[in-house]
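What follows is a set of notes on a single structure, which appears directly below.
The values are calculated or read from the model by the stated rules, or taken from the named source; none is laboratory data. Everything numeric in this text was worked out from a predicted model, so none of it was measured. Cβ: placed from backbone, ideal geometry, glycine included. Neighbour counts: every protein chain shown. The accessibility values were calculated without ligands, DNA or RNA, using every heavy atom of the protein model including side chains. Shrake-Rupley method; radii C 1.70, N 1.55, O 1.52, S 1.80 Å.
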Amino acid sequence: MRLFLIAQNTLKEAVRQKIFHFVVLLSIGLIVGSLFFREFNFGISEIKFIVDFGSGAITFFGSMLAVVVTAQLFFAEIENRTVQTLLSKPVYRAEFILGKFCGILFVLFIFMVLMTISLILVIGIREAAIYSQISEEIYSKGWIRYGDVVLFSVVQWVKFGIISALTLLIGSFSRSSLYTITMSFFLVIICHLQYLAQEGWSVTSIWLLQGMLQFFSYLIPNFQIFNLGDWVASGEALPYSMVWQAGAYGIVYWISVSCLAIYSFSKREI
Amino acid sequence: MEIAVSIENITKDFSLKFRGLKLRAVDGLSLEIPEGEIFGLLGPNGSGKSTTLKMLLGLIKPTLGEIMIFGSSSAKVESRSRIGYLPEAPYFYTYLTGRELVTFYAGICGIPKLRIEERVSEVISLVDLEEASDRRVGTYSKGMLQRIGLAQALVHDPDLIVLDEPMAGVDPLGATEITKVVLELKKRGKTVLLSTHLLTQVEEVCDRIAILDKGKLILEGTVKSLLNDEQSKSFLVKGLSLETEKDFELWLEARGASLLAKEPAKRNLDKLFLERVTARKERKDIK
């Protein structure tokens with residue numbers, strides 16, 4: 001109940017933030033704008049371009065939103081001292097962290113729903129226009145699968161959840177929102193490059209380096225697992241196993257990073 | 001009578017992160033506050049008042065010692081269900097209305113859904129904020145923020161109310177309103193622990209006070225025992241002519257007493273302010 005109330009209040013606060021409105025409008029603008037940046041040769045390549053561009057915008061702005069909104073919402077409570085009023089009530093620190101996390105997941109869910117609807121609408125508009133101008137034979141080669149666009153969005157949402165949990169973890173011990181935002185962006189970049197550690201671990205013969213790289217690759221989530229945009233743009237059916245794998249992988253990190261954030265926040269003096 | 005707050009030899013050190021140096025904010029403090037008492041925690045800035053209150057609320061942990069709230073350790077989250085807290089210069093979620101804010105905290109405190117509306121109306125009425133309760137908190141004045149802060153602190157009907165500088169930055173009218181609420185709480189048998197700099201208000205409302213300095217307890221006792229001088233008495237006299245005044249002095253001397261001070265009776269500035277402002281409001285001079 002308390003967790004739900006904190007999450008609900010976090011959502012209320014987030015949707016009033018200017019950064020949320022700005023990122024949502026900018027992302028929708030970019031997706032819709034891809035209609036005008038299209039290549040001049042009509043055909044499947046244009047749709048692929050729209051999907052690539054749209055999925056790129058979703059991934060980039062979603063990651064940015066996850067870091068900035070999480071840091072802002074968390075530090076708004078610390079800096080305005082509303083956290084003191086809240087934690088002076090019978091509220092466990094775990095409830096506070098999880099309430100914030102769930103509220104932010106709702107915010108990111110709203111973002112993903114808006115983005116997915118915009119992308120599907122834009123693809124639909126262009127597909128209909130192109131379909132009227134080309135032969136049925138070319139069309140039958142297979143175009144964008146809308147169900148896969150939705151699955152792609154769900155997987156990205158899981159990834160944004162990890163980013164948000166990591167930002168909460170950094171915020172739980174950091175003293176400023178600026179430090180939290182900077183460190184979280186660095187961490188997001190490292191997570192995108194985590195596959196390098198994994199590759200290094202498999203090719204190196206030095207046991208110490210191998211051990212270190214192995215530890216590092218387990219500690220840092222591999223964001224390449226969530227990189228399904230190319231599959232969707234190719235028009236080929238997205239293997240469900242990849243979706244499940246990415247979802248389960250992400251949720252394991254949600255839980256483990258949130259637990260670390262709760263532990264770290266429980267030690268914090270407010 | 002049950003002991004509401006028992007502070008046993010607590011010490012709090014803050015690390016300065018500089019060559020391992022530490023700052024001792026509270027140094028071996030021990031206090032007991034019985035149920036139903038209004039207790040004032042006084043002291044200059046940096047004397048350890050707010051740190052003591054934060055330890056009592058479980059927001060920070062004492063380095064040494066223990067605090068018990070109605071027999072339960074303050075480190076336990078459950079102990080907070082019997083505490084209502086008004087922080088210093090409170091800041092609340094500005095996008096909520098006063099009523100929504102108190103409703104939110106009522107839910108957090110676990111008041112059953114069916115009782116929330118009734119209880120929220122009760123405390124809003126107690127702090128006299130009915131008219132502004134549907135306005136957003138962001139539009140509230142300082143005094144109104146203190147009162148809505150009191151409402152959220154009282155919504156779950158706590159037995160111990162902790163007020164950190166409740167009258168700071170509030171005009172005399174607002175301070176009088178808060179004093180009224182505190183006295184009403186005492187009537188209802190609640191224990192109130194308040195920290196303040198405003199000594200006039202302490203005199204008016206507190207049963208007992210403690211003065212802290214550099215984290216140490218330097219004085220503790222009832223307001224009466226600390227302020228009353230049993231050796232002398234003061235008389236307030238009206239309509240005494242110069243001649244009679246001299247006779248009075250001689251009369252006192254003849255009986256072995258001496259007049260220690262003779263000065264025109266002064267009016268209290270707070271009372272003068274309240275008289276004038278209240279009178280203007282009653283005449284509806286102000287729109």
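The table for this structure:
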| read-out | value |
| --- | --- |
| Dimensionless Rg over Rh [segment A:188-270; C-alpha; Kirkwood] | 1.09 |
| For chain B: relative contact order, % (alpha-carbon pairs under 8 angstrom, 6 or more apart) | 22 percent |
| Residue order for B:V277, A:V122 - accessible surface, 1.4 angstrom probe, largest first | B:V277, A:V122 |
| Cα-projected label distance for B:A265 with A:V203, points at 7 Å along beta-carbon direction, nm | 9.7 nm |
| With DNA, RNA and ligands ignored, accessible area of B:T11 (1.4 Å probe; Å², nearest 10) | 10 Å² |
| For B:V162, residues with placed amide H under 5 Å, excluding near neighbours | B:G84, B:Y85, B:L86, B:L193 |
| Charge dipole magnitude, Cβ of K and R +1, D and E -1 - chain B, Cα centre, debye nearest 20 | 900 debye |
| Bins of 10 Å, starting at 0 and running to the largest distance - Cα pair percent for chain B | 6, 23, 28, 21, 13, 7, 3, 0 |
| Helix B:172-187 axis, angle to chain B major axis (alpha carbon atoms, nearest 10°) | 80 degrees |
| Interchain or long-range residues, amide H under 5 Å from B:K61's placed H | none |
| Cα pair distances of chain A binned at 10 Å [whole percent] | 7, 27, 30, 21, 12, 4, 1 |
| Average beta carbon contacts from partner chains per residue of A:86-96, 10 Å cutoff | 6 |
| ³J(HN,Hα) computed for each position of segment A:69-77 - Karplus, 6.51 cos²θ - 1.76 cosθ + 1.60, integer Hz, glycine/proline x | 5, 4, 4, 5, 5, 5, 6, 4, 5 |
| Sequence-distant lysines (8 or more away, or on other chains) whose Cα lies within less than 17 Å of B:K246 | B:K238, B:K262 |
| Accessible-area ranking of A:R268, B:R255, largest first, probe 1.4 Å | B:R255, A:R268 |
| For B:T11, net neighbour charge (Lys/Arg +1, Asp/Glu -1) across residues whose Cβ lies under 12 Å away | +1 |
| Probe 1.4 Å - accessible area at A:F186, Å² to nearest ten | 120 Å² |
| Proximal lysines relative to B:K49, as straight alpha-carbon distance under 19 Å, when same-chain residues fewer than 8 apart are discounted | B:K12, B:K22, B:K61, B:K214, B:K216 |
| Rounded to the nearest 10 Å², the accessible area of A:H192 at probe 1.4 Å | 60 Å² |
| Cβ-defined net charge surrounding B:A25, 13 Å radius [Lys, Arg +1; Asp, Glu -1] | +4 |
| In the B-A interface, the accessible area buried, summed over both sides, Å² (probe 1.4 Å) | 2600 Å² |
| Accessible surface, per residue, of segment A:2-266 when the full set of protein chains is kept, probe 1.4 Å, Å² | 46 Å² |
| Alpha-carbon spread of segment A:49-198, three principal axes, descending order, Å | 68, 36, 22 |
| Distance from segment A:181-237 to segment B:210-264 (C-alpha centre basis), Å | 81 Å |
| Which of A:W157, A:L260, A:L105, positive extreme of dipole for segment A:2-266 (C-beta unit charges) | A:L260 |
| Assigned charges on the beta-carbon of Lys, Arg, Asp, Glu; segment A:2-266 dipole about Cα centre (debye) | 1020 debye |
| Amide H contacts under 5 Å for B:I111, placed H, 5+ residues apart | none |
| The protein assembly as shown: antiparallel DSSP beta bridges as a percent of all, rounded to 5 | 60 percent |
| Positive minus negative residues near B:A89 (Lys, Arg vs Asp, Glu; Cβ under 10 Å) | -1 |
| Descending semi-axes in whole angstrom, ellipsoid equivalent of the protein assembly as shown, from the Cα gyration tensor | 64, 28, 18 |
| Computed over chain A: relative contact order in percent, which uses C-alpha pairs under 8 Å that are six or more apart | 27 percent |
